[in-house]
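What follows is a set of notes on a single structure, which appears directly below.
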Protein chains: 2
Amino acid sequence: MEQLEYQEGRTEISHMGKVPLIERLTADFEPRNAGTVKGVGDDCAVIGQGPRKTLVNVQTLVEGVNFDMMYTPLKHLGYKAAAVAISNIAAMNGTPRQLLVSISVSNRYSVEALDELYAGLRLCCQRYDVDLAGGETGTSRSGMVLSVTAVGEVDESRIAYRRGAKLHDLVCVSGDLGSAYAGLLILEREKVTYQANPDFQPDLDGYDYVLERFLKPEPRMDIVRLLADKDVVPTAMTDVSKGLADSMLHICRASGCGCEVYEEHLPIDYQTSRVCSEMSKNMLPVSCALNGGEDYELLFTIGQKDYEKIKDLKEVHIIGHITEEGMPAVMVTPQNTAITLRAQAFQGIEE
Amino acid sequence: MEQLEYQEGRTEISHMGKVPLIERLTADFEPRNAGTVKGVGDDCAVIGQGPRKTLVNVQTLVEGVNFDMMYTPLKHLGYKAAAVAISNIAAMNGTPRQLLVSISVSNRYSVEALDELYAGLRLCCQRYDVDLAGGETGTSRSGMVLSVTAVGEVDESRIAYRRGAKLHDLVCVSGDLGSAYAGLLILEREKVTYQANPDFQPDLDGYDYVLERFLKPEPRMDIVRLLADKDVVPTAMTDVSKGLADSMLHICRASGCGCEVYEEHLPIDYQTSRVCSEMSKNMLPVSCALNGGEDYELLFTIGQKDYEKIKDLKEVHIIGHITEEGMPAVMVTPQNTAITLRAQAFQGIEE
């Protein structure tokens, strides 16, 4: 029998960035089908030989890593799992159509608990006109693992890849940044207090906005429709799932360009700022925006010619511009200091 | 904040069959898109408005449940994960085109270990002309979780659903049954011996066939092509992933019919029989065939008119026929006793 061998040393996954890791693992795969328009390296696979393309992506959420059952109602979890997968369809400028859901659970979960989870999935499917088109339940040794596959559609002429940003394009972002992470900070704070004293009743008044941003994010299909109404096709787009820095670097890397975004133009909600100031003097709202993640806003670039169509949209903020190849991706502070954006490493968990 | 509540009692998932569970969870989902041809309840979702349909399915493999790292080389695991997803495309009579792979791992796994896993995925993709079209790596608290989404294509006129079996149709199965489970029995036996005495060298000579069946299954794309060559469209089809009984019941339930399969016609390899006799007097080869699982053979029904086209195919065995609605699904023994086929319950793991 062939044995498991680690012949040539051992490289820790935590020592590699996510992008270099995926690039290494998928380097030797040769595309064989004419229908595979875009494979690894964007928010979705792009499939099909006609002008109407199919978009597919799969997202996995692991208990204890991507969600904490201590403060995640199952209905919210179901909603969020669907929303995250749909957000990847939005990130290609597409329309979601179907979801397939694979759930692995231990016996800790009852049938009624799964009912709640599916109620959340259903609510999100209804809101975004998506069909549940496949379901599988399996067994897990510990906790819950949720894999959601989203299928969508987009006209070839309207696809927004991560690649495609050009020199002088404007960098835009929808909604606001960092608020989901602020919500997580509040939930983690209340969890610690509750663990110390189980009689403690969490006081979450005044944090509604940031909590909802974390527990029940909405994919920005409204922005996809708005861009269609205004007849704007982004030159590049992705969603903000791991913070602005990570998403911006994805676009710059795929497009072969640099960028400058301006700290003072980053859209940050006052509740996010308030949470940061409550937490610690050293917790800056801009850090939540850059590295917090889970906002599921859309980050995109547009040509200068589309500036007039975009400039007055309430939910779209112009935060910077694209610089030439070889230039770094930076954030410029109000003091005119350029801070280089950094990708996050693989977040490993020791076993 | 909304709290996790289990208001109305608690039903254990282990008390429900997999099919009733999925049916309960997905009951209230209303299809909204004309392109959703088939949703939950078959081997794949069937998508698209034209005559050429897209097939999508997602399969999750969990370490310690679906595979044991003690005897699963990572390269084999990668191959098997791809093969299992491709088998679901074959089960709809389709051709696989793309795979998307989502892997969650703890720090126990090195980059080199993931290299091995991807080498196996690549080998299977090459063999079946499939493109890796998406990849995601994430973090797991313990062990590895692999979710593979397979995308395929099929002409509307050639789709084989689970529904569609008609009275007097012939029940056919490819290859042989129970051998993957026999392979698992050998590996489990050697594992126990090894755990008792780590100096023990496993002796696997003479078990090559059953071991390969378990560790490196092949989706039966050859059968899909053979059916096309013979111009036969099965009236119903599924793959044998959890034993013949489970698959047969899926077809009977979806088609609204019963069946009789004949024990003496079940294709069982001599190595499977030998392993059973070595294990215990009470371990019958037919039990491996009915309930063992992981064979990834194709189980299908054909109209009587296609009998001549099928009867001499070496890799296709006619094992029974479809009976009318209201009749049970049974296996008839050589002594002419009818044994009712039973679905397996959800295999829960206590946490």
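Every number here is computed from the coordinates shown, using simple stated rules; none is lab data. Keep in mind it's a predicted model, so treat the numbers as computed, not measured. Methodologically, a virtual Cβ is constructed for each residue, glycine included, from the backbone with ideal geometry; neighbour enumeration extends over all protein chains shown.
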* Could you give the Stokes-Einstein D for chain A in µm² per second, using the C-alpha Kirkwood radius, 20 °C, 1.002 mPa s? -> 100
* Structure fact -> The Cα extents of segment B:214-279 along the principal axes, largest first and rounded to whole Å, are 41, 28, 22
* To do: Wrap a convex hull around the Cα atoms of segment B:170-340, take a quarter of its surface area, and give that in square nanometres.
  => 10.8
* Assign one of three labels to segment A:80-147, namely rounded, prolate or oblate, based on the Cα gyration tensor with a ≥ b ≥ c the square roots of its eigenvalues; rounded applies when a/c is under 1.5, prolate when it is not and a/b is larger than b/c, and oblate otherwise. => prolate
* To do: Please give the average number of partner chain Cβ atoms lying within 10 Å of the Cβ of each residue in B:113-123, rounded to a whole number.
  => 4
* Peptide ranges A:246-253, A:122-129, B:97-104 listed from the most packed, as the mean C-beta count within 10 angstrom indicates -> B:97-104, A:246-253, A:122-129
* To do: Report P(r) for segment A:35-158: all Cα-Cα distances, bin width 5 Å, range 0 to the bin holding the largest distance, values in whole percent.
  => 2, 11, 22, 22, 16, 12, 8, 4, 2, 0
* Asked: Do the sum for chain B: with -39,500 (n - 2.57) for every DSSP H run of n ≥ 4, divided by all residues, what is the mean residue ellipticity at 222 nm, to the nearest 500 deg cm²/dmol?
  -> -9000 deg cm²/dmol
* **Under Karplus coefficients 6.51, -1.76 and 1.60, residue-wise ³J(HN,Hα) of segment B:181-198 in Hz, glycine/proline x** => 5, 4, x, 4, 4, 4, 5, 5, 5, 5, 4, 4, 5, 5, 5, 6, 8, x
* Please report how far the C-alpha centroid of segment B:33-80 lies from that of segment A:48-116, rounded to the nearest whole angstrom. => 15
* Please give every one of the lysines within straight-line cross-link reach of B:K166, meaning a C-alpha to C-alpha distance under 16 Å, and leave out same-chain neighbours fewer than 8 residues apart. => B:K305
* **Choice from B:P217, B:P334, B:P285 showing the highest fluctuation, given a GNM over chain B with Cα pairs closer than 10 Å** => B:P334
* Taking the label point 7 Å from Cα in the Cβ direction, how far apart in nm is A:A338 from each other copy of itself, listed shortest first? -> 8.1
* What does the average come to when, for each residue of peptide A:34-40, you count the partner chain Cβ atoms lying within 10 Å of its Cβ? -> 5
* To do: Please report how far the C-alpha centroid of segment B:178-213 lies from that of segment B:239-304, rounded to the nearest whole angstrom.
  => 22
* **Above-threshold pairs, the threshold being 27 Å between Cα atoms, out of B:K75/B:K242; A:K80/A:K311; B:K53/B:K75** => A:K80/A:K311; B:K53/B:K75
* To do: For chain B, set up a Gaussian network in which alpha carbons nearer than 10 Å are linked by springs, and say which option among B:E30, B:E325, B:E218 fluctuates the most.
  => B:E30
* For chain A, built as a Gaussian network whose Cα springs stay under 10 Å, the top-fluctuating residue of A:G303, A:G183, A:G326 -> A:G326
* To do: Using Cα pairs closer than 8 Å and at least 6 residues apart in sequence, work out the relative contact order for segment B:170-340, in percent.
  => 41
* To do: Take the Cβ-Cβ distance between B:D208 and A:R32 as r, set R0 to 35 Å, and report the resulting FRET efficiency rounded to the nearest 0.05.
  => 0.70
* Asked: Roughly what percent of Cα-Cα pairs across the protein assembly as shown reach past 40 Å?
  -> 33
